[in-house]
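Engineer: Have a look at the structure that comes next, please.
Every read-out reported here was derived from the displayed coordinates using simple, explicitly stated rules and does not represent laboratory data. Computed from a predicted structure; not experimentally measured. FYI the Cβ positions are ideal-geometry reconstructions off the backbone, even for glycines, and counts take in every protein chain you see.
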Amino acid sequence: MAAEQRSLKLAVELGRWDVAALVVNTVVGGGIFGLPLLITGLLGWASPFGYLIAAAGIGVIVLCFAEVSARFSSAGGPYLYAREAFGPFVGLQIGWITWLMRVSAAGASANLFVMYLGAIWAPARTTEGRWLLITALFALLAFINVRGVKQGAEASNFFTVAKLLPLFVFAGVGVFFLRPANFFSWTTPEHGNWLRAVLLLIFAFGGFDNAMFPASEMKNPRRDAPFALLAGMGIVTAIYLLVQIVFQGTVAAGASGDHPLATAARAFLGAPGGWLMAVGAMISVWGWFAATMLGTPRLTFALGERGDFPKFFSSVHPRFRTPYVSILFYAGLAWVLALSGNFEWNASLSAVARLLTYGMTCGALPVLRRRDPRSPGFRAPAGYVMAALGIGFCGVLLTQMGKLEFEILAGTILLATLTWAWSRRRARFSG
């Protein structure tokens, strides 16, 4: 495959545990600190089963990703997989959808960080304080990542450990304070709530694809990418399930406010527990930034490298060997969106983008297997069945797409089509 020609321009620094930490860091964001209350409101005492259903569905998709990612050693992730399996037009659609979702997610998460900080530090709630905090957040992480992929990976690793510690404390201590009466104080789930709850959980489990973007900088992507996906998502599933069980078992129905984990932690750790979870939420969001700042710019680097975006996106810093133009462009655009505070738009685009990206990667598996039947670094068991199940799972959830989501999807596809026409026209003239 042409895509297997690995770029030698970028520094190769990422080991398998760096990539696994990147998987965890991009999945576990600020959402876990509010998600348990939403899911319990929908599924009541049966909420842990919702997590297991979502984990099973996302597990099928992760197995497909693990095999497909093992066939590539170039930057680009799902964009590259779709491009090689279905051609440049489809690849560019997936590239645009994924990139816009990532940029808007960063903008919304910046506001989430400021919101958490504002709950314990009043200056963060002022207009000037919000502006300065958001600017400092993007500037610092852009600087770290331009300086080198190793520095970016070290920042991601640090935040992965830092964000997991409060959650481990919460789960490890909370299991000793579980009360069956609290579990069953929550309502019995209505039949129509299950699909909506699983949809929310799929998005909470999403984001692992971000860790596949910097394949050119992995030491052994064919081996390490599948390992990182399976190990990272196993850790995430265990954390999510334990956190949900502890929340339900320590907080009775109607006793939680907007910060459910802080409420639960105060119940068995006192006031320090509430502070621990508030700080943990901020660290978690900042850690998500560290991970996405490392991964997402490699997508526009790959688009520029293949002529689907202007060539300057594939520029590499002569000293640090990082895609500095893509990093700075991503940070700058996300900064603008953060200051505009468009959270609802991000949530809608994120929903559609993830399902389309995941479904397309599942569809790439049988195509790539037939084209090159040799075993890659990882081969999914019953791969054709897994691919069909993954596509069907994404398709069922896409039926929940509303008018706003459809309009955003249509606009994104139009942008991608215009970009594709521009790149083809440019290629004809240059040829």
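Engineer: Rounded to whole Hz and in sequence order, give me ³J(HN,Hα) for the stretch 158-171 from the Karplus expression 6.51 cos²θ - 1.76 cosθ + 1.60, θ = phi - 60°, writing x for Gly and Pro.
Structural biologist: 3J(HN,Hα) across the stretch 158-171, in whole Hz: 4, 5, 4, 5, 5, 7, 6, 4, x, 5, 5, 4, 4, 6.
Engineer: Quick one: Cα centre-to-centre distance for the stretch 200-275 and the stretch 382-413, in angstrom?
Structural biologist: Centre-to-centre distance over Cα atoms comes out at 23 Å.
Engineer: Along the charge dipole of the stretch 18-426, which of 165, 180, 197 sits closest to the positive end, that is, farthest toward it, with unit charges on the beta carbon of Lys, Arg, Asp and Glu (+1, +1, -1, -1)?
Structural biologist: Farthest along the dipole direction, towards plus: 165.
Engineer: Can you pull out the chymotrypsin sites (Phe, Trp or Tyr not before Pro) in the stretch 141-243 that DSSP calls coil and that have at most 12 other Cβ atoms within 10 Å?
Structural biologist: On the way: sites: 143, 158, 159, 168, 170, 176, 177, 183, 184, 186, 194, 203, 205, 208, 227, 240; in loops: 184, 186.
Answer by residue number: there is no such site.
Engineer: Continuing with the same structure: Using Cα-only point scatterers and the Debye equation, what is log10 of I(q)/I(0) for the chain at each q in 0.06, 0.08, 0.10 Å⁻¹, rounded to two decimals?
Structural biologist: -0.23, -0.42, -0.67
Engineer: On to the next question. Taking only the Cα atoms of the stretch 1-95, how large is their convex hull per residue, in Å³?
Structural biologist: 143 Å³
Engineer: Please state, as a whole number in µm²/s, the translational diffusion coefficient that the Stokes-Einstein equation yields for the stretch 47-126 at 4 °C and 1.567 mPa s, with Rh defined as the Kirkwood radius across alpha carbon pairs.
Structural biologist: This corresponds to a translational diffusion coefficient of 82 µm²/s.
Engineer: Further question on the same structure: Using alpha carbons only, how many angstrom separate the centre of the stretch 276-321 from the centre of the stretch 98-175?
Structural biologist: Taking the Cα centre of each part, the stretch 276-321 and the stretch 98-175 sit 14 Å apart.
Engineer: GluC sites (Glu not before Pro) within the stretch 146-226: which are DSSP loop residues with at most 12 other Cβ atoms inside 10 Å?
Structural biologist: Passing both the DSSP loop test and the Cβ count: 190.
Engineer: Compute the length gained on full extension between residue 417 and residue 135: take 0.36 nm times their separation in residues and subtract their Cα-Cα distance, giving the result in nm to one decimal. Each step should come with its number before you reach the end.
Structural biologist: Numbers: separation 282, 0.36 × 282 = 101.52 nm, distance 3.25 nm.
My answer for the length gained is 98.3 nm.
Engineer: Continuing with the same structure: For the chain, with a Gaussian network of springs between Cα atoms less than 10 Å apart, report the residue from 220, 182, 210 with the top mean-square fluctuation.
Structural biologist: Of the options given, 182 has the highest mean-square fluctuation.
Engineer: Under 19 Å between C-alpha atoms is the cut-off here; go through the chain and count lysine pairs that meet it, provided they're at least eight residues apart or on different chains.
Structural biologist: The result is 4.
Engineer: While we're looking at this one, here's another question. How big is the charge dipole of the chain about its Cα centre, in debye rounded to the nearest 20, if each Lys and Arg gets +1 on its Cβ and each Asp and Glu gets -1 on its Cβ? Present the calculation step by step, with values, prior to reporting the outcome.
Structural biologist: Values: 33 positive and 18 negative charges, 245 e Å.
About 1180 debye.
Engineer: Out of 56, 281, 66, any idea which swings most in a Gaussian network model of the chain, alpha carbons joined below 10 Å?
Structural biologist: 56
Engineer: Rounded to the nearest 500, what is the chain's calculated 222 nm mean residue ellipticity when only DSSP H runs of at least 4 contribute -39500 (n - 2.57) each, over all residues? Kindly include the intermediate steps, with their values, before the conclusion.
Structural biologist: Working: 17 runs with 312 residues, N = 431.
-24500 deg cm²/dmol, from helical runs alone.
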